[in-house]
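Remarks on the structure that follows.
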Amino acid sequence: MVSILTLFVGFASAQSISELKDQLMDASDNNEKANLENSIAEAYMGKRNYSKAIDFAEDAIGHAEKAGNSGEELRGNINGGNAAKKSKKYKNAIAFYKEAADLAKSSGQKNLVAYSYESIGFAYSKLKKTSESTKYYEKCLKVDNYSGKKEAAVHKSIAFNYYSDGKIKDALDSYKDADKLYKSSPDPTSHSRMLINMGNVYAQYGDLEKAISTLERASKMAKDNGDNGTHKSAESAIESIEKNKSNKENQISDFDEDKIKETENYIDNIERKHMKSLDEIENLSIENQVKELKILNAQNELLLQEQIAKEAAQALERTELENAKKSAELAASKSELALVEAEGAKTMAWLIGAGIALALVLILALMAARNNKKLKAKNVQIAEQNAELDKKNKNITESINYARKIQNALLASNLVLAKEFPEHLMFAKPRDIVSGDFSWCDNNGSDTVIAVADCTGHGVPGALMSVLAISSLEKIVKQQGARKPSEVLALLNDDLHSLFGHNKTSVETDQAGTETLVKDGMDIVVIRINKAAKKLDFAGSRNTMIKVSGGELEELKGSKIHLGYNKGHKDFNEQEMMLKSGDAVYLFSDGFYDQKGGKEGKKFYPKRFRDMLTKHAAESMKDQHASYEKVLAEWSNGQEQIDDILVLGVRV
């Protein structure tokens, strides 16, 4: 990972941050802006100011998207991921690295694809999501770009995940892979430390001989390398195992159990090579039990036929021997008597064979009856569980549907919009039944205040946040009389801070041990339209507004401040804009342009979203709704919706 970090951070080291910012002020081209913003992000990384690095990396990504510069966009995502990872914001880091992986894959940069996957694996491991972590580590190895020490390090990380999940044998297998790679690409420091971990895992597994031999290798390697700390750790581990050896005599370890199982399985396989036991079948799912019982019955029938044939052959052989013996002893006897005795012996042999066959048939019948009884019991149990789940699911769904009705009653009234703006658009698509996106409006006879917000999360958590925000807006605008957008956001900011700002259950800790509040809340835009004066006032927090006039698009951007994070904040980048009749004004969440789809499964992206609004702005709002529905369906192409979607438009 160090080489990748050096690749980007080294670029900015030759210039100071102030010099780069001066150049950024003079830059007019999006390509140049993206390059400078990435350089500033890398410079802040060097100074360990990771929050600033993330901000400039995000700006670089935005300008790179506008310019269609995938190289700078990739660089920005790598910078953002590295900064988020360093500041322990692992969820943010994962989002950056996933975008980086897609971009690097498109441009054929295998080293950055592998680096991104490895970084995602690291971030998931820090979030204790070991299965996801292992999946991305394995994807990193499949890129076929890592070898030697790098590949060994990834196997070592996979081993740690398996160990954390209690999969001791899988962990040992991964450590063995790492061991082989370190042997071919020596790195004594990393190798010896890995061997200590491997030895300790062997000890926990119960294979103490392997544990000691592995730790002795680590001790010698560290000593030869002059690594006294690792050498002492290995010797201490060996001493601890030797002391505890005596306790093992009265204990059965996982290693011992595996050896016992190997012996039992060997004996069982000799008796019945390919037949599953009833106990094994009971541990399978219902569907697989049915399949295995059918196989078992077929195998038993085959064994029965073989046994009957074998018994018949043995009986016939015994009969022939007895007949030969009696023929010799009774040579002088009459031939009729000899024939009668031979027939009697043959009849007895067949009776014995038939008795054996009947006994086997009865055994199979009892086995089948037992299996059928167990299957019926399991079917009844599963049916009862399914009925209970259906009941709970129905109750939950009914509750959420009712919550949707309550939320709809709080959202921007179509009657209010229709009265003030006969031409209006409300394109709303919750990802779940209820939504974290909401719109709200109020008209006092002289102007109209409209808000569109995207709350953190979606589904029930996002909906709860939206209800709190709507309640606060009702109080601020209708009761307190605030109508200026920046004033509305300032009061809303203080309300959210009072609700969540001191919640110490939601914190992040940086490398220095400093606690910071998690920046949850909402991205919001508030506008006030005075139709008589043809004037629009705007303010926003981490969201934008678009106006399309005469085929030309104009975008107003809000501040980058997280709403509710700092009490008393008032700078929300308030702007004023004059309107003309026929202008179309759009407020929206990020759900539309974050939706993945297309041939390569990428995001729709803001640039394509802006082009779509410009292309269809001249249509009626009703036709626009149909057009956006079609665009979204064609882009998604059956892929799952990943976020709530909301687009509100009005025609002046």
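The values are calculated or read from the model by the stated rules, or taken from the named source; none is laboratory data. In this text, all values refer to a predicted model and were calculated from it rather than measured experimentally. In this analysis, Cβ positions are derived from the backbone assuming ideal geometry, glycine residues included, and neighbour counts consider all displayed protein chains.
Tabulated data for the structure shown
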| item | result |
| --- | --- |
| Selection within the stretch 471-488 - under 40 Å from the mean Cα position of the chain (by Cα) and polar (S, T, N, Q) | S471, S472, S486 |
| Count of the stretch 205-229 residues which are more than 14 Å from E242 (Cβ to Cβ) and touching a residue at least 40 places away in the same chain (Cβ under 8 Å) | 3 |
| Matching option when the condition is modelled with pLDDT of 70 or more, of a type in the set (S, T, N, Q) and either over 25 Å from F592 (Cα atoms) or surrounded by fewer than 15 Cβ atoms within 10 Å (Cβ to Cβ) (or both), among N444, N414, N393 | N444 |
| So G649, is it out of contact with any Asp or Glu (no Cβ under 6 Å at 6 or more places or on another chain) and farther than 25 Å from T456 by Cβ | no |
| Hits in the stretch 125-151 (condition: modelled with pLDDT under 90 and part of a helix (DSSP H, G or I)) | L141, K142, G148, K149, K150, E151 |
| Residue under evaluation I642, criteria (1) buried (at least 17 other Cβ atoms within 10 Å of the Cβ); (2) in contact with a Lys or Arg (Cβ under 9 Å, 6 or more places away or on another chain); (3) not in a helix (DSSP H, G or I), criterion not met | (1) |
| Residue count for the stretch 158-192, restricted to those that are in a helix (DSSP H, G or I), surrounded by fewer than 21 Cβ atoms within 10 Å (Cβ to Cβ) and among the small types (G, A, S) | 3 |
| Qualifying residue in the stretch 575-588 (condition: outside any strand (DSSP E or B) and in contact with a Pro (Cβ under 9 Å, 6 or more places away or on another chain)) | no |
| Any chance F604 is closer than 22 Å to L473 by Cβ and of a type in the set (F, W, Y) | no |
| Residues of the stretch 546-581 satisfying the condition of being touching a residue at least 60 places away in the same chain (Cβ under 8 Å), over 38 Å from the mean Cα position of the chain (by Cα) and on the phi > 0 side of the Ramachandran plot | G551 |
| Candidate set from the stretch 601-624 (those that are of a type in the set (S, T, Y) and modelled with pLDDT of 95 or more); member that is nearest to Y586 (Cα to Cα) | T614 |
| Cβ pairs under 8 Å, 6+ apart, first in the stretch 618-643 and in the same structural domain as L587 (by TED's automatic domain parsing), second of a type in the set (D, E, K, R) and in a helix (DSSP H, G or I) | I642/D594; D643/D594 |
| Subset of the stretch 449-477 [under 17 Å from I527 (Cβ atoms) and either in contact with a Lys or Arg (Cβ under 7 Å, 6 or more places away or on another chain) or without any contact (Cβ under 8 Å) to a residue 40 or more places away in the chain (or both)] | V449, L473, I476, V477 |
| Residue ID - farthest from K88 (Cα to Cα), chosen from residues in the stretch 124-157 that are touching a helix residue (DSSP H, G or I) at 6+ places or on another chain (Cβ under 6 Å) and touching a residue at least 40 places away in the same chain (Cβ under 8 Å) | A152 |
| Options S107, S87, S116, S133; residue that is of a type in the set (G, A, S) and either in contact with a Leu (Cβ under 6 Å, 6 or more places away or on another chain) or surrounded by fewer than 17 Cβ atoms within 10 Å (Cβ to Cβ) (or both) | S107 |
| Options S28, S51: the member that is out of contact with any Lys or Arg (no Cβ under 7 Å at 6 or more places or on another chain) and in a loop (DSSP other than H, G, I, E, B) | S28 |
| Members of the stretch 537-585 found to be among the small types (G, A, S) and over 24 Å from S472 (Cα atoms), listed by number | S549, G550, G551, S581, G582, A584 |
| Criterion: at pLDDT below 85 and either among the charged types (D, E, K, R) or closer than 17 Å to K156 by Cβ (or both) - qualifying residue of K248, K176, K210 | K248 |
| Failed condition for C140, given (1) surrounded by fewer than 18 Cβ atoms within 10 Å (Cβ to Cβ); (2) within 19 Å of the chain's Cα centre (by Cα); (3) farther than 28 Å from N543 by Cβ | (1) |
| Strands (runs of 3 or more DSSP E) within the stretch 460-549 that include 3 or more residues assigned by TED's automatic domain parsing to the domain that holds M612 and modelled with pLDDT of 90 or more | 522-530, 535-541, 544-549 |
| Filter result (surrounded by fewer than 18 Cβ atoms within 10 Å (Cβ to Cβ) and free of Cβ contacts under 8 Å to residues at least 60 places away in the same chain) within the stretch 602-617 | R608, D611, K615 |
| Identity of the residue in the stretch 86-128, more than 27 Å from Y162 (Cβ to Cβ) and of a type in the set (S, T, Y), that ends up farthest from the chain's Cα centre (by Cα) | S107 |
